[in-house]
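Working notes, beginning with the structure itself.
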Amino acid sequence: SNPGKQPYYVCRARAYQLLGDEAPFNSTEEYSAAIHAAQLGHFPSTIRSYKRAIELDENFLWAHNNLAWLLATYSDERARDGKAAVSYATVACEKSDWHCWSFIDTLAAAHAECGDFDSAIRFEEKAGTVAGPEDLPAVEEALHQLRRRKPIRQE
């Protein structure tokens with residue numbers, strides 16, 4: 001279910017569109033705009049587009065996750081908001097029934113941004129229990145950093 005590897009969200013939006021629900025399709029357009037803005041390094045625009053995607057389709061969990069990741073890990077401290085990141089990441093984790101390691105990893109990063117490293121480590125350890133073998137090195141790297149009481153930052 002990694003949108004970077006498979007555009008499942010486009011297929012999901014088209015399926016809803018066939019049922020007469022345009023919101024997921026419109027949300028996908030905002031999500032795509034967010035990804036494009038992020039690639040250009042325009043993170044304030046990225047954040048706005050993710051928020052609009054969520055407003056259009058509250059069940060588009062990758063938008064929640066990606067917004068939470070930016071709010072927790074953005075290199076510019078003026079844009080980070082750990083409390084909001086925890087909120088968005090928690091929604092993604094709960095609505096996915098805690099089955100997506102990436103969502104749980106984001107929740108760990110959000111807690112670290114808030115300075116709650118004990119919770120961050122606990123969630124990162126949980127992420128490791130649901131991550132595939134190819135993702136375990138990323139989990140181990142995050143755990144190493146969190147145990148050193150260092151928040152996760154994107155470059």
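The values are calculated or read from the model by the stated rules, or taken from the named source; none is laboratory data. Nothing here was measured: the structure is a model prediction, and the numbers come from that model. To get the accessible areas, we keep the full protein, side chains included, count just its heavy atoms, and leave off ligands, DNA and RNA. Shrake-Rupley method; radii C 1.70, N 1.55, O 1.52, S 1.80 Å.
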What angle do you read, to the nearest 10 degrees and between 0 and 90, between the alpha-carbon axis of helix 117-130 and the longest principal axis of the chain?
-> 60
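Rank D57, D97 by accessible area, highest first, at a 1.4 Å probe radius?
Descending accessible area places them as D97, D57.
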To the nearest 10 degrees, how steeply does helix 23-39 sit against the main Cα axis of the chain, on a 0 to 90 scale?
-> 50
Based solely on C-alpha atoms, express the radius of gyration and the Dmax of the stretch 33-114 in angstrom.
-> 11.6, 33
The chain - mean residue ellipticity at 222 nm from DSSP helices (-39,500 (n - 2.57) per run, n ≥ 4, rounded to 500) | -22500 deg cm²/dmol
By accessible area (1.4 Å), largest first, C11, C100 order as C11, C100
List every residue whose amide H lies under 5 Å from the amide H of E22, counting only residues 5 or more places away in sequence or on a different chain, with H placed 1.01 Å from N in the peptide plane.
-> none
Between the helical axis of 8-18 and the dominant principal axis of the chain, each derived from Cα atoms, what acute angle in degrees is found, rounded to the nearest 10?
-> 30
At 4 °C and 1.567 mPa s, the Stokes-Einstein diffusion coefficient in µm²/s for the chain, with hydrodynamic radius from the Kirkwood sum on alpha carbon pairs, is 83
Summarise the accessible area of the stretch 80-155 (1.4 Å probe, protein heavy atoms) by the percent that is carbon and sulfur.
-> 50
Quick one: Debye curve from the C-alpha atoms of the stretch 26-79, no solvent, what's log10 I(q)/I(0) at q = 0.13 Å⁻¹?
-> -0.25
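What whole-number value in Å² describes the accessible area per residue of the stretch 20-155 for a 1.4 Å probe?
Result: 50 Å² of accessible area for each residue.
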